[in-house]
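To keep things clear, I will list the structure first and then write my remarks on it.
The values are calculated or read from the model by the stated rules, or taken from the named source; none is laboratory data. Values in this document were obtained by computation on a predicted structure and should not be read as measured data. Ideal geometry is used to build each Cβ from the backbone, glycine not excepted, and the neighbour counts take in all protein chains shown.
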Amino acid sequence: MSNQTKVPEKLLKVVDEIATQGRANLTKLTVLKKWFERPGRLPAFALWLATQAVSGKGKGKAGGEAAALFKASRVLLAAADSKAPGLDLAAAEALYDRLRAFQNEYQHQQWGAVRIVHHWDLMLVEQALEICLWYSASPARGYKLAADYCQNYDSRYGNGLNGPSREKIQEIARFLRKVEAAEDATP
């Protein structure tokens, strides 16, 4: 029985919508929730996305503790295969704690405390490790991770899926196809 789903194609329709209309709603990524229900897919996705976040393509230079955290993230993720069982859980939890402590600044607004995030890519790694460590069966967290990775602010459209989101959604669709193909190849 084939493990191929229609999710990659649905994601590519979102890419087309962004191309024609300039934007798409973040909730279009909820199609991923069903895909994440199959065991093992969500942790694999989280590790892949964390690797994308710290890969360094197009990123500015970080200094000090941020640079050390980027390096530690790359080392941990390089040592893991694309499955959570390949992740050194003790090292992942230690890195998660360091990431959480590094960006543990809150600003009090009239409606409540708001976390200040200076390095979004490190926040994505933090969320990905959280999934691998404690929430590997939470498709909603996978959706949130994907949405946080893909969203982009554009003054014409606000925060959502637009311009630069297209490439990220295409990357996700390619990853999903690769996982499905590997599942089909496994007896």
Filtering segment 122-159 down to residues that are of a type in the set (Gly, Ala, Ser) and closer than 15 Å to Leu11 by Cβ yields Gly142, Ala146, Ala147
Inspect all residues belonging to segment 105-125 and state whether any of them is crowded, with 16+ Cβ neighbours inside 10 Å, acidic (Asp, Glu), out of contact with any Ser or Thr (no Cβ under 7 Å at 6 or more places or on another chain) and closer than 27 Å to Leu176 by Cα.
-> yes
Looking for whichever is out of contact with any Gly (no Cβ under 6 Å at 6 or more places or on another chain), surrounded by 12 or more Cβ atoms within 10 Å (Cβ to Cβ) and hydroxyl-bearing (Ser, Thr, Tyr) here; the options are Ser155, Ser138. Which one fits?
-> Ser138
Among the strands (runs of 3 or more DSSP E) confined wholly to segment 68-187, which include 3 or more residues that are free of Cβ contacts under 8 Å to residues at least 40 places away in the same chain and more than 30 Å from Lys34 (Cβ to Cβ)?
-> 105-109, 112-116
Within the set of pairs 6+ apart or on separate chains, which have a first residue in segment 22-35 that is of a type in the set (Phe, Trp, Tyr), a second that is at pLDDT below 95 and surrounded by fewer than 19 Cβ atoms within 10 Å (Cβ to Cβ), and C-beta atoms under 8 Å apart?
-> Trp35/Thr5
